[in-house]
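In what follows, a single structure is set out as structure tokens and then discussed.
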Amino acid sequence: MMSTNGETGMRDWTDKATRERLEKDVAAVKSDIAALTDQITDALNTFANSTSKQARRGYRQARESVDSAVDDMSDRGSAMMEAAQDAYGSIEETLEDAITQRPLATVGLALGIGFLIGVAWRR
């Protein structure tokens with residue numbers, strides 16, 4: 001079958017129109033891909049910034065918690081030290097009072113404790 005000039009011209013025209021339409025479609029796809037790439041990049045940058053802010057916030061909160069715990073422990077340590085000093089002073093006063101009120105009983109008690117330590121030491 002032989003084709004005529006009209007058919008050949010029509011085929012050339014449709015091939016040209018199809019090629020142009022395909023070129024436009026490829027260009028549109030390229031443009032869409034570039035836009036999608038930009039959107040993904042923006043989303044990743046936003047995510048990275050958000051994650052960085054959350055990490056800084058978490059670090060700051062942890063640091064504040066540690067500082068608070070250290071301050072609390074320091075306060076408790078100071079209170080315990082004061083309580084120990086008060087107890088020591090109270091015991092000292094009680095012993096002084098006992099010694100001044102009953103000096104012979106205190107000397108006898110000291111001798112008895114010394115004797116028990118000596119016996120335990122020999123064994």
Looking at the structure I just gave you, is residue 92 free of Cβ contacts under 8 Å to residues at least 60 places away in the same chain and open to solvent by 100 Å² or more (accessible area, probe 1.4 Å)? no
Just to be sure before I move on: is residue 4 open to solvent by 60 Å² or more (accessible area, probe 1.4 Å), modelled with pLDDT under 90 and of a type in the set (S, T, N, Q) in the structure I sent? yes
Selection from the stretch 95-121 of residues in contact with a helix residue (DSSP H, G or I) (Cβ under 6 Å, 6 or more places away or on another chain) and open to solvent by less than 60 Å² (accessible area, probe 1.4 Å) yields 106
Just the residues that are among the basic types (Lys, Arg) and under 41 Å from the mean Cα position of the chain (by Cα), please, taken from the stretch 16-66. 53, 56, 57, 60, 63
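The values are calculated or read from the model by the stated rules, or taken from the named source; none is laboratory data. All of these numbers come straight from a predicted model, not from anything done at the bench. When we count neighbours, we look across all protein chains shown, and the Cβ atoms used for this are built from the backbone with ideal geometry, even at glycine. These accessible areas exclude ligands, DNA and RNA; they are computed on the full protein's heavy atoms, side chains included. Shrake-Rupley method; radii C 1.70, N 1.55, O 1.52, S 1.80 Å.
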